[in-house]
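Below is one structure, written out as structure tokens; comments come after it.
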Amino acid sequence: MATSSLKNKKILITCGPTWVSLDSVRVISNQSSGQLGHILARDLHKAGARVTVLEGPVQTPLTVKGIKVLKFSFFDELFALLKKELSQKYTAVIHAAAVADYQPAKKFSGKIDSDLAKMQITLVRTPKLINIIKAIRPKIFLTGFKLEPRIDKNKLKKITKKLFKNAHCNLVVANSLNKKNYSGYIVNNRLQVLAKVGSRQKLSQRLVEILKEKICTDFP
């Protein structure tokens, strides 16, 4: 019987916000801090995993000896980094980055005049990066994330089913941050709740425990 261990398992984590260009100096972004990705990276590193982090433009970068950090700012940079890293043999991917869902249909050349009384921008969908992960590495263990302003157990099936169907996730973390009160659920692909937690630290601890149980000879 295989020992439940993360020792020397290669794990890729994405975290932080992503930018898309509005013009040559302005960007559209989001409020992700990357904190959960950083906590996960530290905990997985302590558990013996070989961790690589794809980190967006966070205010406080991760600097931990033994954890490899590759920086990106823009959506296209994350896309390219993700594809490049997936050419290597990772055991698991934890896709916690707050990826831009939309981008301007066209990037304005130069700088948009700041004296305009109003302006209209057409946004188009960006490709769903999480959907390419198992297309490239079908046997990788994939954890996806779904952030909602409010969340409860009754909504879990509705808000997680697309990630299981389209991205073929093994686990989904459904979480919310409402008035600084954090809550999160870890759900498996049978829509069973494996854990409910009230902080990022507890979520990371439980996710590491679950990964130790799930990752064995089936995910070398």
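For the charge dipole of region 118-186, defined by +1 on Lys and Arg C-beta atoms and -1 on Asp and Glu C-beta atoms about the Cα centroid, which residue among PHE141, TYR182, ASN154 has the Cα displaced farthest towards the positive pole?
Comparing the listed Cα positions along the dipole, ASN154 ranks first.
Helix 75-85 versus the longest principal axis of the chain: what is the Cα-based angle in degrees, 0 to 90, to the nearest 10?
The answer is roughly 30 degrees.
For every helix of n ≥ 4 consecutive DSSP H residues, a contribution of -39,500 (n - 2.57) applies; sum these over the chain, divide by its total residues, and give [θ] at 222 nm rounded to the nearest 500 deg cm²/dmol. Write down the numbers at each step before the final one.
On the way: 5 runs with 56 residues, N = 220.
Taking each H run of at least 4 residues, the total per residue is -7500 deg cm²/dmol.
Quote the FRET efficiency, to the nearest 0.05, computed for ASP76 versus LYS165 with a Förster distance R0 of 35 Å and r equal to the Cβ-Cβ distance.
0.85
To test your reading of the geometry: what angle, between 0 and 90 degrees and rounded to tens, separates the Cα axis of helix 156-166 from the longest principal axis of the chain?
Helix 156-166 and the main axis of the chain meet at about 90 degrees.
Once both axes come from the Cα atoms, what is the angle between helix 35-46 and the longest principal axis of the chain, in degrees from 0 to 90, rounded to 10?
Once rounded, the angle reads 30 degrees.
How high is the relative contact order of the chain, given as a whole-number percent (alpha carbon pairs under 8 Å, six or more residues apart)?
22 percent
In what sequence do SER199, SER183 fall when counting other Cβ within 10 Å, fewest first?
Going from sparsest to densest Cβ surroundings: SER199, SER183.
If the elastic network links every pair of Cα atoms under 10 Å, which of THR63, THR91, THR52 fluctuates the most in the Gaussian network model of the chain?
Per the Cα network of the chain with a 10 Å cutoff, THR63 tops the list.
Quick one: if you stick a label point 7 Å off each Cα along the C-beta vector at GLN201 and SER87, how many nm between them?
Output for this residue pair reads 4.1 nm.
Name the residue farthest towards the positive end of the dipole of region 1-110 from the options ILE94, SER21, HIS45, assuming +1 on Cβ of Lys and Arg, -1 on Cβ of Asp and Glu, about the Cα centre.
So the residue furthest toward the plus end is HIS45.
Once P(r) over Cα pairs in 10 Å bins from 0, in percent is worked out from the coordinates, which option in (i) 8, 32, 29, 19, 10, 2, 0; (ii) 8, 25, 19, 14, 12, 10, 7, 4, 2, 0; (iii) 8, 32, 36, 16, 6, 1, 0 does it equal?
Correct label, based on the coordinates given: (iii).
Let a ≥ b ≥ c be the square roots of the eigenvalues of the Cα gyration tensor of region 124-166; is it rounded (a/c under 1.5), or, if not, prolate (a/b larger than b/c) or oblate?
The shape class here is oblate.
Taken together, the values in this text are just the output of simple stated rules run on the coordinates, not laboratory data. Owing to the predicted nature of the structure, the values given are computational and were not obtained by experimental measurement. We place every Cβ from the backbone using ideal geometry, glycine too, and count neighbours over all the protein chains shown.
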